[in-house]
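The values are calculated or read from the model by the stated rules, or taken from the named source; none is laboratory data. Predicted model, so just to flag it, every value in this text is computed and none were measured. Virtual Cβ from ideal backbone geometry, glycine too; neighbours counted across all protein chains shown.
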Amino acid sequence: MSPIQTDLLPDTRRALVHRLATGQVEGRAPSVVAAVVRYGHPVWMGGWGSVDGSPPDGDIQYRIGSITKTFVATLVLRLRDEGRLALTDPLAEHLPGMVAGQATVGALLAHTAGLVAEAPGPWWERTPGALRPGLGDVLGSDVQVHPAGQRHHYSNPGYALLGALVERIRGEAWGEVLRREVLEPLGMTRTTLLPVAPHATGWAVHPWADVLLAEPAVDTGLMAPAGQLWSTATDLARFAAFLIDGDERVLQSDTVEEMRAPASPPEAKSWDSGYGLGMQLLRRDGRLLAGHTGSMPGFVATVWVSADDGLGAVVMGNVTAGLAASALAADLLQTVAEREPRIPAPWRPLPALDPQLLDLTGLWYRGPAPYVLRPLADGFMELVPLSGGGRATRLRPTGDGGWKGINGYFAGERLRVELDAAGAVSHLDLGTFVFTRQPYGPAALVPGGVDPAGWRVD
């Protein structure tokens with residue numbers, strides 16, 4: 001039996017219920033359902049208010065709005081990992097003739113293509129997709145509102161294009177691709193393009209009186225990749241677990257980590273928020289959260305994860321405005337993180353290690369600065385400054401005897417293991433930075449040479 005207690009403590013559970021209840025009351029939402037994920041599984045789920053006369057549970061569907069975008073980004077990155085496209089590809093390479101054809105796939109994922117925020121015509125979230133029968137109708141003619149790459153500018157039509165990209169490459173509807181490649185492997189059987197009972201009705205609440213107005217729930221057609229999906233707390237909890245650790249049946253953990261990395265500049269007044277590849281980023285009380293918020297008429301939703309804490313939180317409500325779902329989800333996550341900090345997994349020896357790799361481990365010096373190179377259980381390595389500051393990075397094998405940085409300053413840079421005439425390792429070269437076994441030595445390996453007087457006392 002694991003020594004880690006997976007169930008939450010009673011006081012923690014009560015604090016979660018209290019926060020959920022106050023959120024529902026203050027937000028004047030007919031119903032709110034929430035979940036917390038820890039160690040890859042939901043450890044708490046609660047509902048407040050009612051759906052059709054009963055408290056909501058983990059099986060009630062709500063519309064999740066723009067969280068749909070994270071699912072679409074997952075499909076696009078699967079294509080990238082398969083070699084079917086590159087993030088630097090212009091859209092026109094895969095969808096010829098589009099007005100926004102010069103926008104790159106990566107820019108569309110990160111909302112840096114400078115495209116319009118909304119589709120032309122009537123409010124797309126409240127009107128049938130049949131009003132926009134072609135991709136040209138989704139964008140219109142005047143599509144560029146900012147120079148590409150200059151700033152983050154959220155674009156719903158941009159994700160409609162990404163859905164069309166998936167359909168073009170896979171040769172079938174993006175929703176069917178999503179079901180087969182993501183939802184089924186993750187066990188998300190209650191996540192659908194159209195509502196399937198039991199589901200909540202979307203409501204608007206009058207700003208000055210406690211009365212309700214039903215909101216429309218339309219099929220948005222070609223705009224669906226921007227916000228069409230319906231899901232449940234149980235399903236989104238599974239998705240939150242995936243956004244923390246990945247799943248080899250869908251995306252490897254390093255690709256999910258790439259999604260969580262900043263890919264667009266934040267607004268000058270909002271340095272605590274940003275955007276990755278299909279994921280919003282939020283720094284809150286020193287904790288980095290990743291996930292997405294969502295809203296459609298009658299519904300709001302949020303999924304946040306903290307990879308460092310191994311925690312995720314989900315909130316869904318059936319109200320157009322008033323419920324602070326993002327803050328509520330962040331509060332639920334923080335409640336668990338602070339009351340019950342993550343317990344590290346037991347240390348275990350590596351299952352296997354190549355003797356040649358073992359020879360590379362230990363101290364290396366970039367000039368006079370000491371670094372430690374060590375192998376990791378997942379087959380990667382990490383290079384970390386001994387002082388704790390400086391430029392650390394994780395490295396993945398490239399299959400040809402080299403390595404590539406996957407985060408930090410050296411992300412994308414190649415590490416080459418250089419040999420001497422006798423075939424022994426002489427030094428490491430990481431993006432032109434030379435690492436040697438002694439500080440500034442041997443002199444012949446150090447770019448620019450070394451003072452022939454050597455180390456001395458002045």
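Which of the residues spanning the range 368-381 are touching a Phe, Trp or Tyr at 6+ places or on another chain (Cβ under 7 Å) and surrounded by 15 or more Cβ atoms within 10 Å (Cβ to Cβ)?
The answer is 371, 373, 381.
So which of 167, 181 ends up being of a type in the set (Asp, Glu), in a helix (DSSP H, G or I) and closer than 18 Å to residue 93 by Cβ?
167 is the lone residue from the list that is of a type in the set (Asp, Glu), in a helix (DSSP H, G or I) and closer than 18 Å to residue 93 by Cβ.
Would you confirm, using the coordinates I've provided, whether residue 385 is under 24 Å from residue 424 (Cβ atoms) and touching a strand residue (DSSP E or B) at 6+ places or on another chain (Cβ under 6 Å)?
In short, no.
Do you know which residues across the range 42-65 are crowded, with 23+ Cβ neighbours inside 10 Å and either modelled with pLDDT under 95 or under 25 Å from residue 259 (Cα atoms) (or both)?
Residues satisfying the conditions are 62, 63, 64, 65.
For residue 54, work out the one condition from (1) within 30 Å of residue 222 (Cβ to Cβ); (2) out of contact with any Ser or Thr (no Cβ under 8 Å at 6 or more places or on another chain) it doesn't fulfil.
For residue 54, the failing item is (1).
Restricting to the range 403-424, and then to whatever is closer than 25 Å to residue 355 by Cα and touching a residue at least 40 places away in the same chain (Cβ under 8 Å), can you tell me which residue is farthest from the chain's Cα centre (by Cα)?
It comes out as 417.
If residue 392 satisfies all but one of (1) free of Cβ contacts under 8 Å to residues at least 12 places away in the same chain; (2) of a type in the set (A, V, I, L, M, F, W, C); (3) touching a strand residue (DSSP E or B) at 6+ places or on another chain (Cβ under 9 Å), what's the number of the condition it fails?
Of the numbered conditions (1) free of Cβ contacts under 8 Å to residues at least 12 places away in the same chain; (2) of a type in the set (A, V, I, L, M, F, W, C); (3) touching a strand residue (DSSP E or B) at 6+ places or on another chain (Cβ under 9 Å), the odd one out for residue 392 is (1).
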